[in-house]
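Below is one structure, written out as structure tokens; comments come after it.
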Amino acid sequence: MAVTQQFVRISEQQLELCRRSADELDRLCSFATASHSDHLDLDWASGPLLRVGEPACVDPDVFAALRYAITGEQEVNPTYRDHPSTVWEHPITALDPAAVASVASMLPSATAAVSAALTPPDGKALALAGELLPMVEHPGEYLMRRLSALRDFYAEAARRRLAVVLWWD
């Protein structure tokens, strides 16, 4: 079974419930409490996006937003680490609606920077993407599709004033 990064948009009230209840967090991470349209599967793109994005995003605030978009900010419920459904005890993190809005405002700049880095003539970022994703036929296109989806996901979350929860499944 492949392990991929998952995202879900939820209300601040639902996030608070997940902070208080490991069972509620488990229901969320089991795809039982949010609509399918509020989920995003980033596949294996997270690490490669950060590796390509760090040198591409000249502005440290832009890279910080990309990093927060992919890693989250705070662990939702530390007691969930002991739950049998966790993946390698990887913490489930979240961004509250204010942080989501901040990240969403910077992701268009991150998308532009990564896109420019993955576009020839330089080729270094594209070569790095190929090394990081040897199983993907067109790694630059793969990363840009995932980054665009991530940007759009956060834009919608910000528009609706929602929190975002991130985990590996």
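The values are calculated or read from the model by the stated rules, or taken from the named source; none is laboratory data. Note that this is a predicted model, so its numbers are computed, not measured. Here Cβ is always computed from backbone atoms with ideal geometry, including for glycine, and neighbour counts include all displayed protein chains. Ligands, DNA and RNA are stripped out before the accessible areas are found, and what is left, the full protein with its side chains, is counted by its heavy atoms. Shrake-Rupley method; radii C 1.70, N 1.55, O 1.52, S 1.80 Å.
Some notes on this structure:
- Some residue of segment 129-145 being over 29 Å from Arg9 (Cβ atoms), of a type outside the set (Lys, Arg), touching a Pro at 6+ places or on another chain (Cβ under 7 Å) and without any contact (Cβ under 8 Å) to a residue 60 or more places away in the chain: yes
- Filtered residues of segment 30-50 (kept if aliphatic (A, V, I, L, M) and out of contact with any strand residue (DSSP E or B) (no Cβ under 9 Å at 6 or more places or on another chain)): Ala32, Leu50
- Gly47 at negative phi, surrounded by 17 or more Cβ atoms within 10 Å (Cβ to Cβ), within 18 Å of the chain's Cα centre (by Cα) and not aliphatic (A, V, I, L, M): no
- Val62 open to solvent by less than 20 Å² (accessible area, probe 1.4 Å) and either touching a helix residue (DSSP H, G or I) at 6+ places or on another chain (Cβ under 9 Å) or of a type in the set (D, E, K, R) (or both): yes
- Single match in Glu137, Glu156, Glu141 (criterion: among the charged types (D, E, K, R) and open to solvent by less than 60 Å² (accessible area, probe 1.4 Å)): Glu156
- Looking only at segment 95-132, and only at residues there that are more than 18 Å from Ala149 (Cα to Cα) and not in a helix (DSSP H, G or I), the one that is most open to solvent (accessible area, probe 1.4 Å): Pro121
Results for (1) of a type in the set (Asp, Glu); (2) out of contact with any Pro (no Cβ under 9 Å at 6 or more places or on another chain); (3) surrounded by fewer than 20 Cβ atoms within 10 Å (Cβ to Cβ), shown as yes or no for each residue.
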{"site": "Cys18", "(1), (2), (3)": "no, yes, no"}
{"site": "Ser37", "(1), (2), (3)": "no, yes, yes"}
{"site": "Thr71", "(1), (2), (3)": "no, yes, yes"}
{"site": "Glu75", "(1), (2), (3)": "yes, no, yes"}
